[in-house]
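Here's the structure, in C-alpha cells; my notes come after.
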Amino acid sequence: MWGGPAEPADSYYAVRPECTDVPRTRFKIKPGKTLSARKWQAAFSLDGHLDIGKTLHRIQRGGIHPSIRGEVWEFLLACYDPESTFDERDQIRQHRRVQYARWKNECREIFPVIGSGRYITAPVITEDGMNGNNTEMMKKLTPRGPLDKKAIQWLLTLHQIGLDVMRTDRTLVFYEKQENLSKLWDILSVYAWIDTDVGYGQGMSDLCSPMIILLEDEADAFWCFERLMRRLRGNFRCTGNSVGVEKQLSYLAAVTQVIDPKLHHHFETLGGGDYLFAFRMLMVLFRREFSFCDSLYLWEMMWALEYDPDLFSLYEEPGSNITKAVGSNKGKPKSRRPCGKYERENMKIKSSDTSLPISVFLVASVLKDKSSKLLHEARGLDDVVKILNDMTGNLDAKKACIGAMKLHKKYLKKV
C-alpha cells in the first residue's frame, strides 16, 4: 500500500543464528518507492515490451523488491533487450540453457565431479599434467590420454574455486545446503573453462553468489554472472606482475587528486599513492563493506544509473564472445532509448577516455566522506586500512550513489 510502513528485507536472506557479527542491513522495502512485483508486471506491454525508463527511475528511488530481484537484474545486466517480446526472451533463454549444458558437459567429460552435487578443495593435478597428491580425486579424471594445456590450466583452478566457495557468504542459511555450494562451484568452474584469458580469480565467488540465490535455474544464474563479468573481467586479468584492477585504482587516484587534492597528497605522503587500500572495494564491488542485502541494493542502483540500452545488441553481435566487454562500444553512435542517469552524463563527454565506471566514483565518494578522519587520524597505511574497515555495516548505499553522482559532475567540470 502506498505510504505504508517500510518492511525489513532481512527475512529474504536468512542469516544463520550463530552468526551474530554480520553487518546490519539498512535497506528497507518502501511501498511507493521500491520496485514491487505489481509495478514490475505493469511495466510490460501485452506482448512483453518493458518500459525500461520508468523501471530505472523506480529502482533509483527505492531499489528492487527481493521477490523479483533476479528477473529484473537480467535486464539491468543486458541479458535481455527491454524491447524484446515474451516469446523472443523465451527463445533466447532456452538457447542459452542448451549452450550452458553443452559447456558443462565438456567440463564433466574431463572431470566428472562437475555436476555431481559435490565440489573439491584439494589439488588433483600438477602444472606438468601429472597426478597430484590427491589420488582419490585423480580417479575422477576420465581416461582421455594426455591432457592439453587448456585442460591442465583449468584443472589447476578447480580446488581453489572450491576453497573460495567454502568461504563465500557462509553466514547465510542458503549455503548450509551442499547442493547450493556445488552449484556455485559448477558455475565458476564452467566460466573458468570458457574464459581462457582470465579463467578464475579470487573474488569471483563473491560476485557470482547472489546470482545463485536470486535465480533458481543454474543456467540463468550462469548467464547473469557472465554478463556481470563482461563489466568486471578486466579487473581479474593478470599480466606479468600486475592485476587488471590496478587500472581502476589509477583512475581512482586521478579522480581523488582532482576532487580532493589534499587527501590525495596525504595518501602519497603515507606511501599509498597506488591506492591499493581500495583494492577490495573495486574488486568485489563493496561486498565486504555492506551487509549481503545492502550490497545487492547498491549493485542494482549502480546498474540502473549506468544502464546502457546498447549493451544487449553489442553482446549479441555475430562473433561476439565473453571478451567483448563494457566500453567496447565507445565512440559508436548512441541510441535514443532510455538510459541510466550516470550514462546520460557520460554521453555528453566527447572523449571516451574521461568515461569511467561509477564504481570508481563510489569509492571516491566514500573516501571523500571520510576525508577529515583520514587526514587527522591516519599516520600510516595501516591506519587507512583500519578506518576503511571500520566502515563495514555503517555505509548507506543510496547516500554513496548520490555522492558518486555529485563527484562525477564535479570531476567532469574540472577535467
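No lab work stands behind these numbers, since they all come straight from the coordinates. Just so we're clear, the structure is a prediction, and the values are computed from it rather than from any experiment. For neighbour counting, all protein chains shown are included, and Cβ atoms are generated from backbone atoms with ideal geometry for every residue, glycine included.
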Quick one: which of 267-274, 307-314 comes out on top by average Cβ neighbours within 10 Å, and what's the full order, highest first? 307-314, 267-274
How large is the convex hull of the Cα atoms of the stretch 194-303 per residue, expressed in Å³ as a whole number? 115
Extension gain, residue 14 back to residue 383 (0.36 nm per residue minus Cα-Cα distance, nm): 129.5 nm
Only helices counted: for the chain, with every DSSP H run of 4 or more residues adding -39500 (n - 2.57) and the sum spread over all residues, [θ] at 222 nm is -16500 deg cm²/dmol
Given Cβ point charges of +1 (Lys, Arg) and -1 (Asp, Glu) and nothing else, what value in debye, to the nearest 20, does the dipole of the stretch 242-413 about its Cα centre take? 680
For the stretch 86-235, max minus min Cα coordinate along each principal axis, in Å, sorted largest first? 49, 34, 30
Quick one: Kirkwood hydrodynamic radius for the stretch 242-413, alpha-carbon pairs, angstrom, one decimal? 17.1
Residue separation between residue 6 and residue 39 times 0.36 nm, minus their alpha-carbon distance, gives in nm 10.2 nm
Output the peptides 375-382, 52-59, 362-369 sorted from most to least packed, where packing is the average of other Cβ atoms within 10 Å over each peptide's residues. 362-369, 52-59, 375-382
Using the structure shown, list the pairs from 33/183; 104/398; 386/409; 370/409; 247/386; 39/177 with a Cα-Cα distance above 31 Å, or answer none. 33/183; 104/398; 39/177
Amide H to amide H under 5 Å from residue 15: which residues, 5+ apart in sequence or cross-chain, H placed 1.01 Å off N in plane? 173
In whole Hz, with x marking every Gly and Pro, tabulate ³J(HN,Hα) for the stretch 183-191 from phi via Karplus 6.51 cos²θ - 1.76 cosθ + 1.60, θ = phi - 60°. 5, 4, 4, 4, 4, 5, 5, 5, 4
Using bins 10 angstrom wide from zero, how does P(r) for the chain break down, in % of all Cα pairs? 4, 20, 30, 27, 14, 4, 0
Provide the FRET efficiency to the nearest 0.05 for the residue 61-residue 122 pair, computing r from the beta carbons and using R0 = 56 Å. 0.70
Please give the FRET efficiency for residue 46 paired with residue 269, using the beta carbon to beta carbon distance and R0 = 45 Å, rounded to the nearest 0.05. 0.10
Which cross-chain or sequence-distant (5 or more) residues have an amide H under 5 Å from the amide H of residue 64, H modelled 1.01 Å from N in plane? 35
Mean Cβ count within 10 Å, highest first, over the residues of peptides 290-298, 92-100: 290-298, 92-100
In order through the stretch 68-76: 3J(HN,Hα) via Karplus (6.51 cos²θ - 1.76 cosθ + 1.60), integer Hz, x for Gly, Pro: 10, 4, x, 5, 6, 4, 4, 7, 4
Residue-by-residue Karplus 3J(HN,Hα) for the stretch 94-107, coefficients 6.51, -1.76, 1.60, Hz, glycine and proline x: 5, 4, 5, 5, 5, 4, 4, 4, 5, 5, 5, 5, 4, 5
Over the chain, what is the mean sequence separation of C-alpha contacts under 8 Å (at least six apart), divided by residue count, expressed as relative contact order in percent? 17
Residue 29's amide H: which non-local residues (gap 5+, or another chain) put their own amide H closer than 5 Å, with H modeled 1.01 Å from N in plane and none for Pro or chain starts? 7, 9
Note down, for the stretch 54-104, the three equivalent ellipsoid semi-axes (square root of 5 times each alpha carbon gyration tensor eigenvalue), biggest first, whole angstrom. 25, 13, 8
